[in-house]
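The values are calculated or read from the model by the stated rules, or taken from the named source; none is laboratory data. What you see is a predicted model; the values in this text were computed from it and never measured. Glycine gets a Cβ as well: all are built from the backbone with ideal geometry, and neighbour counts include every protein chain shown.
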Amino acid sequence: MNDLFLLLFLVSFAGLIVGMIKPAIFSPFSKNKITRKTLGLIFSLAIIGFFILFGITQDKNDEKSTSQPVTEVEQDTILNIPDLLSKKFPEMKESLAMLCGDGVVAEAENTKQLNCIIDQRYNIYFELTDDWAITSEGIRVVGNTSYGDTEESILVATGIVKNSTDYEVSIKPVDSAGQIVLDIKR
């Protein structure tokens with residue numbers, strides 16, 4: 001319904017322009033002589049009416065999504081590392097395949113190690129136990145200052161909360177190559 005009112009709004013706008021340039025085009029639709037003033041009034045009211053109807057019929061789902069605040073972490077998180085810590089490899093395969101590629105995931109199944117570049121800037125590395133859980137060494141995330149990374153941007157991109165009580169985060173100082181290394185363990 002929303003699309004119909006948008007279309008009628010646009011047709012009314014076009015009718016207003018055509019009516020102001022050549023009002024005689026609308027003569028067949030009227031018994032009396034039609035003037036620019038009459039056409040202007042008709043199409044202006046139609047434009048206003050269809051604009052209001054378009055706004056009223058706006059999809060309710062759009063309102064819900066815009067009325068709920070989205071946190072910075074939700075917007076900029078590429079991979080939720082804390083969520084991975086509690087999963088076994090088969091549970092995370094699909095999401096890792098979308099980010100790392102099927103080849104990297106297949107190699108991880110063979111070697112029990114995952115080494116993946118995410119978003120062309122973050123290196124994610126972890127090893128797997130025999131029962132497909134992440135080892136006690138946890139997950140290593142490496143960013144680089146040459147890409148504009150900061151400790152904070154890496155935390156946001158990976159969904160890590162620095163002072164979480166659910167997992168341990170250790171951050172190594174920036175090295176001479178500009179690497180920022182985060183180790184996340186349960």
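When every residue of the stretch 2-20 is checked against the conditions, none turns out to be within 26 Å of Ser153 (Cα to Cα), among the acidic types (Asp, Glu) and at pLDDT 85 or above. Taken over the stretch 111-124, the residue count meeting the criterion of being surrounded by fewer than 16 Cβ atoms within 10 Å (Cβ to Cβ) and either on the phi < 0 side of the Ramachandran plot or not in a loop (DSSP other than H, G, I, E, B) (or both) is 5. Applying a threshold of 8 Å to beta carbon distances and a minimum spacing of six or more residues, or different chains, the list of pairs starting in the stretch 1-21 at a residue that is assigned by TED's automatic domain parsing to the domain that holds Gly55 and closer than 11 Å to Leu39 by Cα and ending at one that is surrounded by 13 or more Cβ atoms within 10 Å (Cβ to Cβ) and of a type in the set (Ser, Thr, Tyr) reads Leu16/Ser44. Within the group Glu168, Glu127, which residue is out of contact with any helix residue (DSSP H, G or I) (no Cβ under 8 Å at 6 or more places or on another chain) and exposed (fewer than 13 other Cβ atoms within 10 Å of the Cβ)? After applying the criteria, what remains is Glu168.
Conditions tested, residue by residue: (1) at pLDDT below 90; (2) more than 16 Å from Leu96 (Cα to Cα).
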site: Tyr122; (1), (2): yes, no
site: Glu127; (1), (2): no, no
site: Tyr147; (1), (2): yes, yes
site: Ser164; (1), (2): yes, yes
site: Ser170; (1), (2): yes, yes
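Within the stretch 101-146, restricting attention to residues that are of a type in the set (S, T, N, Q) and out of contact with any strand residue (DSSP E or B) (no Cβ under 6 Å at 6 or more places or on another chain), the residue that is nearest to Asp175 (Cα to Cα) is Thr145.
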